Amino acid sequence: MAIRMIVKDPDPVLREVCKPVPKITPNIIKLLDDMADTMYDAEGVGLAAPQIGILKRVIVMDCGEEQGGLIELINPEIIEKEGEMLGPEGCLSIPGFSGDVKRYERVKVKGLNRHGEEIVIEGTELLSRCIQHEVDHLNGVLYTDLAESVYRNEPSKERDEA
């Protein structure tokens with residue numbers, strides 16, 4: 001396990017569409033472990049593989065124990081969405097800023113876990129926002145592309161960045 005360097009905007013890798021993972025290998029397992037370590041070290045709630053320069057469809061999230069703790073998804077795909085909410089988002093790849101982004105209030109996502117088993121996760125509020133934010137990264141979309149406004153953070157707000 002290792003802490004990787006987080007790629008910062010405007011690095012072009014953040015604008016690339018990631019490739020699906022065809023097979024779960026030891027390298028993918030190591031990637032999941034390194035991504036979780038990197039996310040926790042940076043005090044984020046989510047991280048997508050392109051944020052560490054890897055163009056694979058892999059994300060990790062942890063919105064707290066009440067939301068299921070650490071969630072790892074390989075080849076995630078949002079399969080249901082409903083409602084609407086407007087709220088603040090940040091990003092480890094865009095430090096020091098946040099923006100108000102309109103997202104679906106509830107989403108259901110399917111993907112593979114580290115054992116290659118299909119899992120389905122339903123998220124509301126913060127988890128829903130995090131799922132959408134991280135899946136957007138896999139498609140080369142940053143929250144600033146969707147934000148109604150972007151503003152500089154107070155230093156204490158940077159802990160909630162995804």
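Using modelled amide H (1.01 Å from N, peptide plane; none on Pro or chain starts), what sits under 5 Å from the amide H of PHE97, excluding residues fewer than 5 places away?
The answer is CYS91, ASN153.
When the chain is modelled as a GNM with alpha-carbon springs shorter than 10 Å, which of ILE71, ILE79, ILE52 fluctuates the most?
Taking springs between Cα atoms under 10 Å, the residue moving most is ILE79.
Classify the range 63-112 from the C-alpha gyration tensor, please: rounded if a/c falls under 1.5, else prolate or oblate depending on whether a/b exceeds b/c.
Verdict is oblate for the range 63-112.
Output ³J(HN,Hα) for the range 55-62: one whole-Hz value per residue in order, computed from phi by the Karplus curve 6.51 cos²θ - 1.76 cosθ + 1.60 with θ = phi - 60°, and x for Gly and Pro.
With the stated coefficients, the range 55-62 comes to 8, 10, 7, 9, 9, 10, 8, 8 Hz.
Rounded to a whole number, what % of the accessible area of the range 76-162 do carbon and sulfur atoms account for, probe 1.4 Å?
Carbon-and-sulfur percentage of accessible area, whole number: 45.
Amide H of VAL21 versus every other amide H placed in the peptide plane: which residues, excluding those fewer than 5 positions away on the same chain, fall under 5 Å?
Here the answer is ARG57, ASN75, since their amide H atoms fall under 5 Å of that of VAL21.
Return the calculated 222 nm mean residue ellipticity for the chain, to the nearest 500 deg cm²/dmol, obtained by summing -39500 (n - 2.57) across DSSP H runs with n ≥ 4 and dividing by the residue count.
After summing the helix terms and dividing by the residues of the chain, the value is -6500 deg cm²/dmol.
For the range 50-162, what is the relative contact order in percent, using Cα pairs closer than 8 Å and at least 6 residues apart in sequence?
Across the range 50-162, relative contact order equals 28 percent.
Using a 1.4 angstrom probe on the protein heavy atoms only, could you order GLU117, GLU65 from most to least accessible area?
Ranked list, largest accessible area first: GLU65, GLU117.
Excluding same-chain pairs closer than 8 in sequence, count the lysine pairs in the chain whose Cα atoms lie under 15 Å apart.
Value for the chain: 6.
Quick check on the range 21-162: what does the Kirkwood estimate of hydrodynamic radius come out to from the alpha carbon pairs, in Å?
One over the average 1/r among Cα pairs gives 15.1 Å for the range 21-162.
Treating only the Cβ of Lys, Arg, Asp and Glu as charged (+1, +1, -1, -1), what charge dipole size does the chain show about its Cα centre? Round to the nearest 20 debye.
Value, rounded to 20: 620 debye.
Let me know the Rg and Dmax you get for the range 9-49 when you use only its Cα atoms, in Å.
Rg and Dmax of the range 9-49, Cα atoms, are 11.9, 31 Å.
The values are calculated or read from the model by the stated rules, or taken from the named source; none is laboratory data. Computed from a predicted structure; not experimentally measured. No Cβ is skipped: glycine too gets one built from the backbone with ideal geometry, and neighbour counts run over all protein chains shown. The protein model used for the area step is the full one, side chains on, heavy atoms only, and it has no ligands, DNA or RNA in it. Shrake-Rupley method; radii C 1.70, N 1.55, O 1.52, S 1.80 Å.
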